[in-house]
Amino acid sequence: MKQATGKTHGKVILIGEHSVVYNQPCIALPFLDTTVTAIVTESKQHQILDCDFYQGNVQEMPELMEGLQSAIHATLQKLNQSNTPFHMSIKSTIPIERGMGSSAAVAGAAILGLYHFFEAPLSDNELFNLIQVSEKVTHGNPSGIDALTTTHQTAFYFQKEKEPIAFNIQLDADLIIADTGMMGKTKEAVSSIVKHLDLKETKTAIQTLGILTKQAKKAIIHHNAIELGNIMNKAHQQLQILNVSSKELDTLVHIANKNGALGSKLTGGGKGGCMITLCHPSKTHQIKTALEKQAAKVWSMSLKGELI
Ligand code: PMV
């Protein structure tokens with residue numbers, strides 16, 4: 001039986017979430033320990049989707065999955081296969097609505113699976129634009145950082161409407177990611193900032209996050225993990241001013257820093273979801289153990305040079 005696979009992964013925004021929506025830069029990295037796999041096979045009739053949240057006809061997907069549905073429709077249209085039956089099974093290990101790029105990664109895997117199934121070429125740009133079809137429905141005004149990072153195995157220095165720069169991260173440090181277990185609210189967080197955009201406080205926080213991201217880039221170039229940690233702490237304060245943190249995120253940030261982290265902040269849309277913490281590898285075990293007492297899940301990755 002004909003079968004094709006589309007594979008993507010999670011992402012972590014190191015710095016610059018939210019301000020990236022307003023043309024400031026951000027730095028994001030792939031998180032390869034979490035993945036999405038879409039397997040497309042032949043079907044006699046109907047276009048069928050099979051995933052944890054829905055089993056049924058693509059045309060009848062629930063409203064919550066409207067983003068993915070729009071991306072599948074747009075992809076089939078581009079492929080001139082709008083009425084061709086197929087069966088798609090999607091398996092994901094990225095927790096949903098946690099700021100780890102789940103919606104973009106799921107759409108990306110589905111699009112790649114369909115392109116591979118119909119044996120059609122797909123450029124990076126086309127893939128990006130098709131994922132953005134889904135992201136626009138899901139998030140409203142997506143910067144595109146999730147679409148990019150969930151489909152590439154490199155870190156990126158990213159600015160809207162500019163060519164993304166693949167970024168070399170090599171630090172004597174680990175990055176710990178901790179999930180509060182609470183659903184993040186990216187759409188709500190993004191639109192709450194829009195509502196307060198004319199406030200001086202909001203404008204200043206967005207600009208400051210842009211400056212901090214440029215400083216973070218320099219710290220990474222100079223392999224200075226201590227400086228990067230300080231910058232991450234400052235970024236978290238700005239995200240608090242923008243009102244996109246939460247009690248649970250602040251608690252995890254506090255726990256990590258108290259246990260010897262170099263710096264910590266929320267990652268992604270916020271108002272729930274995940275936080276990240278940078279630490280010297282000798283501290284990873286202690287910080288992870290402390291976070292595990294409060295968090296729903298804790299991961300870690302080395303920044304010693306696997307990412308280019
Ligand atoms: O919560 P996530 O993983 O979708 O990350 C969103 C990042 C934001 O900067 C808040 C929004 C965006 O589109 O860049």
Let me know the Kirkwood hydrodynamic radius for the range 170-308, please, with Cα pairs as the basis and the value in Å to one decimal. 15.2 Å
20 °C / 1.002 mPa s Stokes-Einstein diffusion coefficient of the range 45-188, Kirkwood radius on C-alpha pairs, µm²/s: 131 µm²/s
Starting from the alpha-carbon convex hull of the chain, give the projected area averaged over all orientations, in nm². 15.1 nm²
Within the chain, what's the longest run with no trypsin sites (Lys or Arg not before Pro) in a DSSP loop and at most 13 other beta-carbon atoms within 10 Å? Give the range, please. 163-292
Per the helix-only model, the chain has a calculated mean residue ellipticity at 222 nm (DSSP H runs of ≥4, -39500 (n - 2.57) each, divided over all residues, rounded to the nearest 500) of -12500 deg cm²/dmol
Return the single residue from 189, 147, 178 with maximal mean-square fluctuation; model: Gaussian network over the chain, springs between Cα atoms under 10 Å. 189
Which FRET efficiency, nearest 0.05, do residue 162 and residue 194 yield, Cβ-Cβ r, R0 22 Å? 0.50
In percent, what relative contact order does the range 144-274 have, based on Cα pairs under 8 Å that are 6 or more apart in sequence? 31 percent
Likely footprinting exposure, 292, 63, 17, 119, fewest C-beta neighbours within 10 Å first: 63, 119, 292, 17
Once you keep just the Cα pairs under 8 angstrom separated by 6 or more residues, what percentage relative contact order results for the range 222-280? 38 percent
Simple SL model, points at 7 angstrom along Cα→Cβ for residue 153 and residue 141; separation in nm is 3.6 nm
Defining a contact as two alpha carbons under 8 Å apart and six or more residues distant in sequence, what relative contact order in percent does the chain show? 23 percent
If r is the Cβ-Cβ distance from residue 251 to residue 3 and R0 is 41 Å, what FRET efficiency results, to the nearest 0.05? 0.35
When the label point is put 7 Å from the Cα of residue 96 along its Cα-to-beta-carbon vector, which residues of the range 130-168 have a backbone N closer than 17 Å? 134-140
Evaluated at 25 °C and 0.890 mPa s, the Stokes-Einstein D of the range 160-212 based on the Kirkwood radius over Cα pairs, in µm²/s, stands at 165 µm²/s
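Read-outs: derived from the displayed coordinates by stated rules, not from any lab. For clarity, every value in this text was computed on a predicted model and none was experimentally measured. Cβ atoms come from the backbone with ideal geometry, glycine included; neighbour counts cover every protein chain shown.
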